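The values are calculated or read from the model by the stated rules, or taken from the named source; none is laboratory data. These numbers come from a predicted model, not from an experiment. When we count neighbours, we look across all protein chains shown, and the Cβ atoms used for this are built from the backbone with ideal geometry, even at glycine. All accessible areas refer to the heavy atoms of the entire protein, side chains included, with ligands and DNA or RNA removed. Shrake-Rupley method; radii C 1.70, N 1.55, O 1.52, S 1.80 Å.
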Amino acid sequence: MHKTLIKSILSAMAPMNDVTVCGWIRTRRDGKGVTFLELNDGSCLTNLQCVVDADTEAARGLGDHGTGAAVKVCGELVPSPGKGQRWEVRATAIEVFGGADPAVYPLQKKRHSDEFLRTIAHLRARTNKYSATFRIRSRAATAIRTYFESEGFYEVHCPVLTGSDCEGAGEMFRVTTLPPGEKDLSKDFFNRACNLTVSGQLEAEALAMGLGRVYSFGTTFRAENSNTPRHAAEFLMVEPEMAFADLSDLMELAENLVHHVTDYVLTQCEEDVSLFDRFVEKGLIDRLKIIAEQPFARITYGEAIDILVKSGREFVFPVTYGVDLQTEHERYLAEEHFGKATIVTDYPRNIKAFYMRNNDDGETVAAMDVLVPRIGELIGGSQREERLDLLQHRIIELGQQLSDYDWYLDLRRYGTNPHAGFGLGFERLIMMLTGIANIRDVIPFPRTPGNLEF
Ligand code: 4AD
Ligand code: MG
C-alpha cells in the first residue's frame with residue numbers, strides 16, 4: 001500500500017502536493033463547514049491533523065466515522081495556520097477501512113486509568129502512554145544489541161525448555177505432556193521432568209567458553225507467587241557472559257551498558273520520554289541524565305548493611321548482617337542515600353546462588369547487584385565459581401545431585417578460567433526509563449498470578 005509514515009511527514013521540509021497516510025482517528029472535531037481529524041499511525045506520538053471540508057469527496061468518504069476508525073487519507077501537505085502543529089493535510093479523498101462504533105468502542109475518552117486499560121490490554125497500544133512505552137521497549141532493545149555488538153559480544157539463543165533450575169529457587173513452571181493424574185515421569189515427553197527456564201545463564205556460560213563474549217536476550221519464566229509491582233511470571237532477561245573476566249570487568253560492563261541504553265533512549269525517544277516526564281513521573285529526564293552520565297556508587301554488602309542500620313529508618317524487614325536486601329532497603333540505598341545507581345558487591349554466600357565465586361574470606365561471594373532509584377534491583381550477577389572442587393562442594397552442601405550438573409561441571413573440567421556474567425531484567429529497565437511504577441504496564445500482555453486473559 002503506497003503511504004507515508006506520519007513520523008516522516010511531520011519532519012517534512014517543504015509542502016507536498018500529494019500525500020497518503022493511513023492510521024486511526026484519535027479525535028474528530030466538527031466545525032462550521034469543516035472537520036478536523038487527529039490521525040495517529042503509531043510511528044510517533046504526535047498526531048497528524050487532517051482537515052476535511054464539508055461537501056467534498058473526502059467528507060463523503062469519511063461519513064460520520066470518528067474515534068477509533070482506521071482510515072486512509074489522501075491530500076495535500078500544507079503549513080498549518082492553526083496553533084500546535086507545523087503541518088496539516090488538506091484531505092482530497094478518504095477511505096474508511098474499518099469503523100469503531102462509538103456506542104461500544106472502549107477508548108472514547110482522552111484519559112483512562114491504568115487499571116481499566118489492563119482489562120483491555122489488546123487495545124492499549126492505541127493510547128499515547130502505551131504506544132510510547134512500547135516504542136521505548138523497542139528502542140531500548142536496539143540499544144542493548146548495538147552496545148553488545150560494539151563490545152565484541154555475540155548474541156546466543158538459550159533453550160526455553162530445560163531440565164535444570166539455574167537459580168535453585170524452585171520457582172519453575174512445569175511442562176508436561178502427561179495426561180492429568182499420570183505421575184510417571186518416564187512416560188513424559190522427555191522421559192524426565194521439564195521446566196520453563198528461569199535464566200539462560202548456565203547455557204550462556206557454556207557458549208562463552210567457546211565464543212568468549214556472548215549475551216542471551218530471551219524470555220524467562222518464574223512461578224513466584226509474589227504479587228508485587230516489579231515481578232512478572234514471564235519477562236525478558238538480558239544475560240551477558242564473559243570468559244576471562246572478573247567481578248570488576250563485570251561491574252564496568254553493567255555500568256557502561258546502563259549508561260549507553262539510557263543515553264540512547266533519551267536521545268532517540270525524546271518525544272516519548274518527555275510525555276512520561278510531564279504526565280507519569282515529574283523530573284524523569286533529569287533523573288535519567290544522572291543515570292546516563294554519573295558513575296555508579298559502589299559499596300560492599302557489609303557497607304550497605306552499615307548504612308541501613310545507621311539510617312535510623314524503620315524498615316518493614318529489619319536489617320542485620322546476613323539478611324537478603326529487600327526492595328525497601330535497595331531503594332533506600334539508591335534513591336535516598338546515594339541518589340543514583342548503586343552497585344552492591346560481596347554478599348554472604350548463603351543468600352546467593354550456588355554458582356557464584358567464593359571469596360577468600362570463606363563467607364562472601366563475588367556477586368554484584370545494580371540497584372536503581374524507584375525500582376531497586378535492576379541487575380543481578382557474579383563472577384562464576386570456576387574451580388571444580390569448590391563448585392562440587394557447594395552443590396553437595398546445598399543437598400543437590402552432582403549428576404544433575406554434570407555438563408555444567410565439564411566447563412570446569414576442560415579449559416576452565418575466571419568468567420563472569422549478569423542478568424538484567426528488561427521490564428525493570430523499561431520501568432526505569434519511563435517512570436511507570438507497575439511492571440504490568442510495561443509489558444504488552446503481562447502474565448502475573450491469576451492473570452492470563454490475553
Ligand atoms: O537476580 P536474578 O534472579 O539472576 C539470575 O537469574 C541470574 N542467573 C542472571 C545471570 O547472572 N545471568 O535475575 C536477574 C534480573 C533481576 O535483577 C531482575 O531485574 C530481573 O532479572 N527479574 C525479574 N524481572 C521481572 N519479574 C521477575 N519475576 C523477575 N525476577 C528477576
Ligand atoms: Mg537477583
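Within the range 305-312, is even one residue at pLDDT below 95, surrounded by fewer than 19 Cβ atoms within 10 Å (Cβ to Cβ), of a type outside the set (V, I, T) and out of contact with any Asp or Glu (no Cβ under 6 Å at 6 or more places or on another chain)?
yes
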Query raised in the report: Hey, any hits in the range 131-139 for a residue that's assigned to a loop (DSSP other than H, G, I, E, B), more than 16 Å from ligand 2 (Cβ to nearest atom) and either over 30 Å from S226 (Cα atoms) or open to solvent by less than 70 Å² (accessible area, probe 1.4 Å) (or both)?
Result: no
Query raised in the report: Just a yes or no: is a residue in the range 384-397 near ligand 1 (Cβ under 10 Å from one of its atoms) and closer than 17 Å to T300 by Cα?
Result: no
Report summary line: Scanning the range 385-440 residue by residue, the ones that are in contact with a Pro (Cβ under 7 Å, 6 or more places away or on another chain) and either open to solvent by less than 60 Å² (accessible area, probe 1.4 Å) or of a type in the set (D, E, K, R) (or both) total 6
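Take the range 93-107 and flag every residue that is under 30 Å from D18 (Cβ atoms) and either touching a helix residue (DSSP H, G or I) at 6+ places or on another chain (Cβ under 9 Å) or surrounded by fewer than 15 Cβ atoms within 10 Å (Cβ to Cβ) (or both).
A93, I94, E95, V96, F97, G98
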Query raised in the report: Looking at F354, is it closer than 20 Å to V198 by Cα and either small (G, A, S) or open to solvent by less than 10 Å² (accessible area, probe 1.4 Å) (or both)?
Result: no
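Of these, Y147, Y215, Y130, which one is within 16 Å of ligand 1 (Cβ to nearest atom) and of a type in the set (S, T, Y)? Talk me through it step by step, then tell me what you get.
Values: Y147 fails: within 16 Å of ligand 1 (Cβ to nearest atom); Y130 fails: within 16 Å of ligand 1 (Cβ to nearest atom).
Matching residue, one of Y147, Y215, Y130: Y215.
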Query raised in the report: Counting residues that are among the aliphatic types (A, V, I, L, M) and either within 16 Å of ligand 2 (Cβ to nearest atom) or at pLDDT below 95 (or both), which strands (runs of 3 or more DSSP E) fully inside the range 187-302 reach at least 1?
Result: 234-243
Report summary line: Apart from one, (1) on the phi > 0 side of the Ramachandran plot; (2) open to solvent by 50 Å² or more (accessible area, probe 1.4 Å); (3) within 16 Å of ligand 2 (Cβ to nearest atom) all hold for G450; the odd one out is (3)
Report summary line: Taking the range 156-206 and keeping only residues that are polar (S, T, N, Q) and either without any contact (Cβ under 8 Å) to a residue 12 or more places away in the chain or open to solvent by 60 Å² or more (accessible area, probe 1.4 Å) (or both), one is left with T176, T177, S186, N191
**Report entry** When residues of the range 12-58 are limited to those that are closer than 14 Å to R86 by Cβ and out of contact with any strand residue (DSSP E or B) (no Cβ under 9 Å at 6 or more places or on another chain), the one least open to solvent (accessible area, probe 1.4 Å)
**Finding:** C44
Requested in this report: Could you grab the pairs with beta carbons closer than 7 Å, sequence gap of 6+ or different chains, first residue in the range 378-403 and within 18 Å of N417 (Cα to Cα) and free of Cβ contacts under 8 Å to residues at least 40 places away in the same chain, second one in a strand (DSSP E or B) and more than 13 Å from ligand 1 (Cβ to nearest atom)?
Outcome: E385/N358; L390/N358
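Every residue in the range 401-435 that is of a type in the set (D, E) and more than 16 Å from ligand 2 (Cβ to nearest atom), please. It would help to see each step written out before you state the result.
Applying the first criterion (of a type in the set (D, E)) to the range 401-435 yields 404, 406, 410, 427.
Result: D404, D406, D410.
Condition check ((1) over 30 Å from R384 (Cα atoms); (2) part of a helix (DSSP H, G or I)) across all residues:
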| position | (1), (2) |
| --- | --- |
| L77 | yes, no |
| D101 | yes, no |
| R124 | yes, yes |
| E149 | no, yes |
| C166 | no, no |
| P180 | yes, no |
